[in-house]
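The values are calculated or read from the model by the stated rules, or taken from the named source; none is laboratory data. None of these values were measured; they are calculated from a predicted model. Here the Cβ positions follow ideal geometry from the backbone for every residue, glycine too, while neighbour counts run over all protein chains shown. Side chains are part of the model used for accessible areas, which takes the heavy atoms of the whole protein and leaves out ligands, DNA and RNA. Shrake-Rupley method; radii C 1.70, N 1.55, O 1.52, S 1.80 Å.
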Amino acid sequence: MKNETRRLRTVKTAHIMITVENDQSPIRASRLGFSSFRTFPSLSDKVITSQFPAMAEASRIFHSTLFPTLSLQLSQPCYNSHVYPSLSLKKAPRPVQCSVSTSETKSTSSNATQEVPWGCDIDSLENAEALQKWLSNSGLPPQKMAIDKVAVGERGLVALKNIRKGEKLLFVPPSLFITADSEWSSPEAGQVLKQYSVPDWPLLATYLISEASAQKSSRWCNYISALPRQPYSLLYWTRAELDRYLEASQIRQRAIERVTDVIGTYNDLRLRIFSKYPDIFPEEVFNMETFRWSFGILFSRLVRLPSMDGKVALVPWADMLNHSCEVETFLDYDKSSQGVVFTTDRAYQPGEQVFISYGKKSNGELLLSYGFVPKEGANPSDSVELPLSLKKSDKCYKEKLEALRKHGLSTSQCYPIQITGWPLELMAYAYLAVSPPSMSKLFDEIAAAASNKSTIKKDLRYPDIEEKALQFILDSCESSISKYSKFLQASGSMDLDVTSPKQLNRRVFLKQLAVDLCTSEQRILFRAQYILRRRLRDMRSGELRALRIFDGLRNIFK
């Protein structure tokens, strides 16, 4: 899958390794699913209870218990669906502790340009045309679309004929899917992984590498040759680049955790399986770099097919479709035609690019998995994570912490804010943060509401401390805004002088992506700041009027 919009689409990125040290980051509250949120436009207290896709839930990522220290989260374009595969392996070894390092070793320096020996440049039409020919010879029915260079994304599917709204397109048969049940060119490799009960995601990552290394002896040779040699993904940003360009955004921490988890997954497979079968899994083929590539492919292309009992699959041809925030159609298996299809939600003319939706994802999520940021204001599902924290100086700090931990939360949480509102869970956390000792009996109730696991009424309100809660949120909001402002001000003079023109182009590209992301996220925070200030002003002016009326009545009765 590729992007809806890329500001500097002609710039190619160099291949960068990311190194390993110690850093274990907690799972944040934004990983929760928020069921309702407070809306802005009317400036009222109206609460709606529609499903709100939190930044980490909108494309939900999977949890791995591959080993206790890791919670591997792999976002993928499930087209309004969610994948929750388990990565638990039987008889897991002692935890492998690893993370991304800010330092760079000789083998993984920031100037490293090691590339996998398969795949192609992201805009290669030659490989794409060979894929299209192979698919047709392998059973793909005649299509109303063809691969071509496009203005939005390097390659895409364009209409060959007039396409009506509501028309079903694609019809990719199951024989052309890549799934956990696909036949291996190296049967021994497949048998070993199944013997160890390796779950779908790492199994598919290993399968891709195995088939790629088989080259022309693999039936998937043409497909793999058409895949990008380096998928657009934050997996390919160094820790220094993440720190430099995404210092203001919470997506930076998500990217660090993702890289950490991918590295940990590879290390576990290497220690538990690959090292025991070096003839089947030679290190020159099955290494960290090839796994970074294969996981990058899975993050950006793997889909879940609800009509096939949630089976996850790579679907050649379908994954040439680009994303548009204005489109709501997604892929699924159609039992009547016995193939993967999507139903258009608009008409297309010949030569016009055809789009699908990768899901209701924020701009940060789109950058995380796909390496692009939509134009500012173009994504109605955009959101920004607002960090909130209890103060250690709080007289009830221990009691509040205990209540939070009871419901799976910690002292520091992130909640998503959209341009239209924020989740009620955020308001509940703010209530807990400012609640006085006299409300200690309610700490558990409020913490439950903040965790989205409460069965109590959703529009939980405590009028006596509402003003303090709103001020608490405003303070956090303004603190985040200052970080974005600092980065955006500095970005104009950010030193990009490097000796290699290729590296210069890469850094200009990354900087532009970061500026686009931070601008869109700051925009949401500015809207929240405006609403919060206005709410507080109205509350305080109302209190002042009430006080004056009370004083007037008191003077009358004197």
Distant-in-sequence amide H partners of residue 375 (H built 1.01 Å from N, under 5 Å): none
Are any of the pairs 168/375; 400/468; 335/361; 400/441; 161/375 more than 21 Å apart by Cα-Cα distance, and if so, which? 168/375; 335/361; 161/375
At 7 Å along Cα-to-Cβ for each site, give me the label-to-label distance between residue 397 and residue 285 in nm. 5.6
Under 5 Å, built H, 5+ apart or other chain: amide partners of residue 172: 340
Is segment 201-332 best put as rounded, prolate or oblate by its Cα gyration tensor, with a ≥ b ≥ c the root eigenvalues, rounded for a/c under 1.5, and otherwise prolate when a/b is larger than b/c, oblate when not? oblate
Once phi for every residue in segment 117-127 is put through the Karplus expression 6.51 cos²θ - 1.76 cosθ + 1.60 (θ = phi - 60°), the whole-Hz ³J(HN,Hα) values, with Gly and Pro written as x, are x, 9, x, 8, 4, 4, 9, 5, 8, 4, 5
Computed over segment 125-241, protein heavy atoms only, probe 1.4 angstrom, the accessible area per residue in square angstrom equals 40
With just the Cα atoms defining each centre, how far is segment 286-345 from segment 357-400? Give it in Å. 25
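Going by average Cβ density within 10 Å per residue, which order do the peptides 223-230, 371-378, 181-188, 360-367 take, highest to lowest?
360-367, 223-230, 371-378, 181-188
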Within segment 413-434, what residues put their amide N at less than 20 Å from the label point 7 Å along the Cα-to-Cβ vector of residue 453? 413-416, 423-433
Amide H within-cut-off set for residue 322, under 5 Å, with H built and near neighbours excluded: 157, 356
Taking a straight Cα-to-Cα line shorter than 12 Å from residue 453, and setting aside same-chain aspartates and glutamates fewer than 8 residues away, one finds 425, 444, 445
At a 10 angstrom cut-off on C-beta neighbours, averaged per residue, how do the peptides 297-310, 265-278, 343-356 rank from highest to lowest? 297-310, 265-278, 343-356
Using r as the Cβ-Cβ distance of residue 161 and residue 115, and R0 as 41 Å, what FRET efficiency do you calculate, to the nearest 0.05? 0.60
Would you please put 192-202, 390-400, 418-428 in order of how densely packed they are, using the mean number of other Cβ atoms within 10 angstrom per residue and starting with the highest? 418-428, 192-202, 390-400
Once you order the gyration tensor axes a ≥ b ≥ c over the Cα atoms, which shape class does segment 281-376 get: rounded for a/c under 1.5, otherwise prolate or oblate by comparing a/b with b/c? oblate
